[in-house]
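For reference, the structure discussed in these notes is given below.
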Amino acid sequence: MKPTLQQQKDFLFQTYFGTKGDELDRFISRAYRDMNRTLRGIGKLAAADKARILNGAKTLVKTAVIALRNKPFPENPVQGSRSFDQWHTDLCQALKTYYATELQNVSKIRLTYGQAQKWVNMTMKYCWVCGGADFSGLGPWFSAAHVAVDEVILVAAEKSGVVKIRPCGKWSAWDNPQTYQNFQDTLRQNAAKKSQSPLELEYDWWLKYRSQVTGDGEEN
C-alpha cells in the first residue's frame, strides 16, 4: 500500500533531520551541519573534545531559542525587531566566546560571527518552516527574523541593487557584528518596501539566484 501523506512527511523529516533528540535538537544539529564544513580543522580534534564542545554549543542555542519562544513579542513591531536583534547578537557573541574559551588549549580554530549567524539563522528557519505546535510561540517573531547570510544572499543583494558593495568577502570569515547588523537592517528595509518580511525576501532571492551561485545545485 502506498504510504500516507503523513508517512511521507515523517520519512522526509527523518531523512533530513535524523532521529536523535527532540525536534529542536534535530533542527540545531542540521543547522550546524549547514555551517560546519567552513569550520575547518574541527574534525581533527580528539573525539571527546569535539563531542564535548559541540554539545555545549548546542545547549547554548537550544536554551536561547526556548527563551525566545517563551518571550512575548512587543506590541510595537519596531521594538520587536530590536528585541530580536539583541537576542540574536547575544547568542552569536555567546557562541563565539564559548568556542574561543573551549578551544584555546586544544586548537587555533575560532568560530566567526559569520559562522555563528548561519547556525542561529538556519536553526530559526527550520523551526518556522518544519516545526510543529511546540514552536507556535516563535510565530510572532517571524517578521523580525534575520536572513541566513551565505554566498547566495551576498550575490543576490548585490545583483538586485540592494547593496552597491557586498559587506564582506566570504560569509564564513565575516567577523564584524556591526556590519552584519547593518546588512540585516538594509535587508529588512528593502523587504518592507515590498510589504515583505526579510525571510520572504530571502525565499524570492533563493529561488532566483541559487542556481547562478551553486551551478549544479550543491550546497553553498
Looking at segment 193-216, which of its residues are in a helix (DSSP H, G or I) and either acidic (Asp, Glu) or over 13 Å from residue 147 (Cβ atoms) (or both)? 193, 200, 202, 204, 207, 208, 210, 211, 212, 213, 214
The listed residue being at negative phi and at pLDDT below 90, out of 14, 86, 93, 117: 14
Inter-residue pairs, beta-carbon under 8 Å, first in contact (Cβ under 8 Å) with a residue 24 or more places away in the chain and in segment 63-84, second aliphatic (A, V, I, L, M) and assigned to a loop (DSSP other than H, G, I, E, B), 6+ apart: 84/145
For a quick check of your reading of the model, give me the residue pairs whose first member lies in segment 129-153 and is without any contact (Cβ under 8 Å) to a residue 60 or more places away in the chain, whose second is surrounded by fewer than 17 Cβ atoms within 10 Å (Cβ to Cβ), with beta-carbon atoms closer than 6 Å and at least 6 apart or on different chains. 142/128
Elements of type helices (runs of 4 or more DSSP H) in segment 67-183, at least 2 residues being over 24 Å from residue 33 (Cα atoms): 77-103, 151-159
Members of segment 38-58 found to be touching a residue at least 40 places away in the same chain (Cβ under 8 Å), under 14 Å from residue 107 (Cα atoms) and among the aliphatic types (A, V, I, L, M), listed by number: 39, 42, 45, 46, 53
Using beta carbons and a limit of 9 Å, which pairs, at least six apart or on different chains, have the first residue in segment 190-211 and within 16 Å of residue 141 (Cβ to Cβ) and the second one among the aromatic types (Phe, Trp, Tyr) and open to solvent by less than 60 Å² (accessible area, probe 1.4 Å)? 199/128
Would you mention how many residues in segment 164-212 are surrounded by 14 or more Cβ atoms within 10 Å (Cβ to Cβ), of a type in the set (A, V, I, L, M, F, W, C), closer than 30 Å to residue 97 by Cα and out of contact with any Asp or Glu (no Cβ under 6 Å at 6 or more places or on another chain)? 5
Can you say whether residue 50 is in contact with a helix residue (DSSP H, G or I) (Cβ under 9 Å, 6 or more places away or on another chain), farther than 22 Å from residue 90 by Cα and part of a loop (DSSP other than H, G, I, E, B), as far as the supplied structure shows? no
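The values are calculated or read from the model by the stated rules, or taken from the named source; none is laboratory data. As the structure is a computational prediction, the values presented were derived from the model and not from experiment. Quick reminder, even Gly has a Cβ in these numbers, built from the backbone with ideal geometry, and neighbours come from all protein chains shown. Remember, those area values only see protein heavy atoms, side chains included, never the ligands or the DNA or RNA. Shrake-Rupley method; radii C 1.70, N 1.55, O 1.52, S 1.80 Å.
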